[in-house]
Structure formats: structure tokens, C-alpha cells
Amino acid sequence: MPTTAISTSCSGPPPALYPRGRFSNGTNFVDTMGVLLGARIDNFALGGAVTGPGSKNRPAGFDQQYRAFLAGGGPAYYPRVSGKLSPTDLVVVSIGGNDARAYQKSVGPSPSPAKVASAIASARAAAARSAANAAKGLGALVRAGGRNILFLGGDVGRLPEVRGSTIAPIGTAFSNSYNARMKVSLAKLASRGVAVHYLDLDRLADRVEADPAAFGLISAGACPSACVTNPSLADKYLFYVDKLHLSAAGFAIVGRQAVAQLQGPRAE
């Protein structure tokens, strides 16, 4: 079963912080899924992508990614593909988090309480635009033959980079609204016979935080700077040193959960 990953890998030469070209100290969740499923991965994901078109200051967005897939991929960032999906292909989509983070940061690092309240009040409208972009892409992939979708969703307000800060509630408001809308869109696809799975990263994070040792970790937080030169230390933490991405061990937890969910009862 090939796995088409549409929006978590670096583009261009990997920076020193991410030596293997993934935003972690090693692999990401799609890599783990590929191993467990014995599947070939056609990866169209780019770190930093948003739901809509990219810009000169950002990598290609989801809009450009799925269009590139439909056009056959290549020539630089993407693998060559047929542009069609078979009934046994799995489309894995993780998109929307960068929209939420950008909105969260739009108020600046130290906004007034009034500015935070205003941003929270406006989050629903901003999230609706991003969700519409994502739903459009999913619809295009279904029309191209996609019949199996795994969508990942979570709250950026609980990421270590902002957790407990004044702007975290803004990210949470955006994420909650966005994820709710995506669930509605996914349910519509399910009503058309598409096998839909939604992986709730917040519920998984709750389990890890409650008992890190059960997952082979010493902490559900971010690893210290020493992790950059000590991969084995990094894999004792859920998050990598950048306080944004998971460690390879954290991504493996997500990958294993994704496969378990795919192989369990269908979620709609």
C-alpha cells in the first residue's frame, strides 16, 4: 500500500539542527508509518507549509503541494508520481499548524490583554479560511481517486515554544476552531464512502504527559540543548530541542498510534 504524504520534511540541504533532513533528531511519523505498513512513501510535505499558497518568504503551501501531486510531481522538491490515487493508497495529511502559529504570533510577543482578547474573538474567522483551503485540497485528492485519508490535528497553544505564554490561548482558539471545521469536512468525505481517520494529537499528548515512562521517555517536554549532539538523549523527550517539533522518539509514538488507528475500527 503506497502512502502519499501530503504536508514534515526539510527542503534543500538539511540544517545542522536537523541532520537527517527531518524536523527532528532523526525520522518523523511518516517514516515510522512506512516501516510499519511496509509502504512506499511519496512525500510531498515541506516544513513551514500553510494551507493556502506559499509566498516568497514561505515554502510551497498545501495548495501548491496537492496540485504538484496531481500534475505528476517533480522536478525539484517532489517525487515523480502518476497524479492519480488507487483505492488502496493512503493519503496522510498534516496541515494547518503553521496557519495557527502564524495567527498566534501576529499579535507580537507581548500583546496587551485587549489585543489577545481581540485575536481570540477573530480566530474563528481566520481558522475558517484555512480550513476551507485544506478542505479544497482534500476534495481534489479524493477526486483523483483517494479513498483512504489520515488527517492529523492538534493544538499549537500547547507546544513548548509558547505553552503558558500570553499568546498561547490565541493559538488554542484558532486550532480548536480549525480542527472542528476539518472534522466536519472529513465527515462529509466519509459520507461519500471515503475511509477517514482523524488522529487527535492532543489526546495522544495527554496520554504521554500522564505517564512518559510508559512510552520510553523521561519527559513530555522539550529536550535541552545537549540533545543536538546526543541523539540518544533527545529520544528520551517527547519534543526536540527546538521546542516545536517532536523528537524522533516522539514522532515514532505518533507513527505507531496512526498505524494502530488505521488497523482498528473506522473513525468518521
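FYI, it's all coordinate maths here, none of it is from the lab. Remember, predicted model here, so these are calculated numbers, not experimental data. Positions of Cβ are backbone-derived with ideal geometry, glycine not excepted, and every protein chain shown enters the neighbour counts.
If I take R0 = 22 Å and measure r between the Cβ atoms of SER112 and LYS243 in this structure, what FRET efficiency does the formula 1/(1 + (r/R0)^6) give, to the nearest 0.05?
Working: r = 25 Å, r/R0 = 1.12.
After rounding, the FRET efficiency stands at 0.35.
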- Item | Amide H contacts of GLY146 (H built 1.01 Å from N, under 5 Å, at least 5 apart or other chain) | LEU85
- Query: Considering amide H positions built from the backbone, and no H for Pro or chain starts, which residues 5 or more places from ASN25, or on another chain, come under 5 Å of its amide H?
  - Reply: ALA248
- Item | Phi-based couplings in Hz for the range 187-199 (Karplus 6.51, -1.76, 1.60; Gly and Pro marked x) | 5, 5, 5, 4, 5, 9, x, 7, 7, 10, 10, 10, 9
- With labels modelled as points extended 7 Å from the Cα through the Cβ direction, what inter-label distance (nm, one decimal) is found for ALA76 paired with ARG20? 2.7
- Query: Counting other Cβ atoms within 10 Å, which trypsin sites (Lys or Arg not before Pro) in the range 168-268 have at most 12 and lie in a DSSP loop?
  - Reply: ARG192, ARG266
- Kirkwood Rh over alpha-carbon pairs of the range 23-127 plugged into Stokes-Einstein at 37 °C, 0.692 mPa s gives a D in µm²/s of 203
- Item | Estimated inter-spin distance, ARG67 and LYS105, nm [label 7 Å along Cα→Cβ] | 2.5
- Message: On a straight-distance basis, which aspartates and glutamates could pair with LYS188 in a cross-link, Cα separation under 13 angstrom, same-chain partners fewer than 8 positions away excluded?
- Response: GLU268
- For the range 143-156, Karplus couplings with θ = phi - 60° (6.51, -1.76, 1.60), whole Hz, Gly/Pro x: 5, 7, x, x, 10, 9, 10, 10, 10, 9, x, x, 9, 6
- Task: Please get the size of the charge dipole for the chain, origin at its Cα centre, with Cβ charges of +1 on Lys and Arg and -1 on Asp and Glu, quoted in debye to the nearest 20.
- Result: 740
- Query: Which of rounded, prolate, oblate describes the chain, given a ≥ b ≥ c as roots of the alpha-carbon gyration tensor eigenvalues and a/c under 1.5 marking rounded, otherwise prolate only if a/b is larger than b/c?
  - Reply: rounded
